[in-house]
Structure formats: structure tokens, C-alpha cells
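Each value in this text was obtained by applying a stated rule to the coordinates, not by laboratory testing. It should be emphasised that the depicted structure is a prediction, and the values quoted were computed from it without experimental measurement. Cβ sites come from the backbone with ideal geometry, for glycine too, and all protein chains shown count toward neighbours.
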Amino acid sequence: MAQEIERKFLVKGDFKSHITKQTRIKQGYLSSVPERTVRARIKGDKGYLTIKGIGNESGASRFEWETEISLEDAKNLISICEPGVIDKTRYIVPETSGLKFEVDEFYGENEGLTVAEIELPSEDTPFEKPDWLGEEVTGDVRYFNSMLMKNPYRNW
């Protein structure tokens, strides 16, 4: 079992000149309760099934398990998910120490929202914050994808 440690930030400036890769992602939730989210995802031309546990007190650490599934299975699972499929492009932006930011630009009901995440080996790992990185929203449940499908950014 893996432990996911990540910090999340709003994006306030131009990050696109630093992109090394981009992928379109569509995902839905079979379960969106905070204690255990179960997500089906299509990332590019691959399918995934992911289970995440509830976050710790800071919101930065939680259990995560993911496995690749067939694209057809992912499509079928998304068709039976809770309402509110998430549609976004994920951009990879390297950080100077060798880590990377995953920047998600949302579409549809979440149009206008752009969020950057950085996965860390430990909660206290230092990293450089580029100029385009805005307010930290780690632990703010409004920015969890499982909540954005229920209460989209457009409704705030």
C-alpha cells in the first residue's frame, strides 16, 4: 500500500512555457465519500482504477492504491459513476530539485480553475515555488476532484 504525500496550490500566472508533457484526463467516482474515494480514470489512451483514503490532519498525506485497467473497462466504469465527470488537461512542469508539478486545467463545469500539485517524499520536503504558483489549498476539500464533481467551481 502506498502513501500519497502532496501539496496543492492555485495557479496565478503563466506556467505553460515550462511544460514538458500534457495529457487529457476524464474521470468519475464510483464512491466519493471522504473516507474512501474510488475513481475510474481515462488518462490519454489508458484506463485506471484508484482508491484513496481520507487525508491526515494537514490534508497532505493519505493512502492511495492504483492499478491500470483496460480502456474499455474504464469507459464502462465511468458510465456508472456518480454524476459529475471531471474533464481536465494535466501538464507536467519540472521543479528545480527534480520533483515535478502536475498542473490541472479544468473544463466544463470547472472551467477557469487551474490547480498545481506536487508529490513529495515527506511532508517537510523543501521545494522551490515558482512565480506562477499561488495560494496553497492543500487540505481544502473544495479543491478535491471528488468534491469538484459535486460542487463545481462554476457554482462558487
**Prompt:** When the chain is treated as a GNM, springs tying every alpha-carbon pair under 10 Å, which of Asp104, Asp124, Asp73 comes out with the largest mean-square fluctuation?
**Reply:** Asp124
**Prompt:** Using alpha carbon centroids, what distance separates the stretch 124-156 and the stretch 79-116, in Å?
**Reply:** 10
**Request:** Hey, for a label at Glu82 modelled as a point 7 Å past Cα toward Cβ, could you say which residues of the stretch 95-123 have their backbone N under 18 Å away?
**Result:** 109-110
**Dipole of the chain, positive direction: furthest Cα of Ser17, Thr138, Gln3, with charges on the beta-carbon** = Ser17
**Asked** Hey, what do the phi angles of the stretch 35-50 turn into as Karplus ³J(HN,Hα) couplings, whole Hz, using 6.51/-1.76/1.60 and θ = phi - 60°, x for Gly and Pro?
**Response** 5, 6, 9, 10, 10, 9, 9, 10, 10, x, 10, 10, x, 9, 10, 10
**Message:** For a test of the definition: using alpha carbon positions, the gyration tensor, and the 1.5 limit on a/c, classify the stretch 1-69 as rounded, prolate or oblate.
**Reply:** oblate
**Asked** About its Cα centre, what dipole magnitude does the stretch 2-155 give when the only charges are +1 on Lys and Arg Cβ and -1 on Asp and Glu Cβ, stated in debye to the nearest 20?
**Response** 480
**Prompt:** Mind checking which of Val93, Val85, Val33 has the largest fluctuation in a GNM of the chain, springs on alpha carbons under 10 Å?
**Reply:** Val33
**Fill in**
Helix-only [θ] at 222 nm, the chain, -39500 (n - 2.57) per DSSP H run of 4+, per residue, nearest 500, equals -2000 deg cm²/dmol
**Prompt:** With each label point set 7 Å from Cα along the Cα-Cβ vector, what nm distance links Glu35 and Asn155?
**Reply:** 2.4
**Request:** Pull out a ≥ b ≥ c, the square roots of the eigenvalues of the alpha-carbon gyration tensor of the chain, then state rounded if a/c is under 1.5, prolate if not and a/b is larger than b/c, and oblate in the remaining case.
**Result:** rounded
**Asked** Using θ = phi - 60° and the Karplus form 6.51 cos²θ - 1.76 cosθ + 1.60, what ³J(HN,Hα) does each residue of the stretch 2-11 get, whole Hz, x for Gly and Pro?
**Response** 9, 10, 9, 10, 8, 10, 10, 9, 6, 9
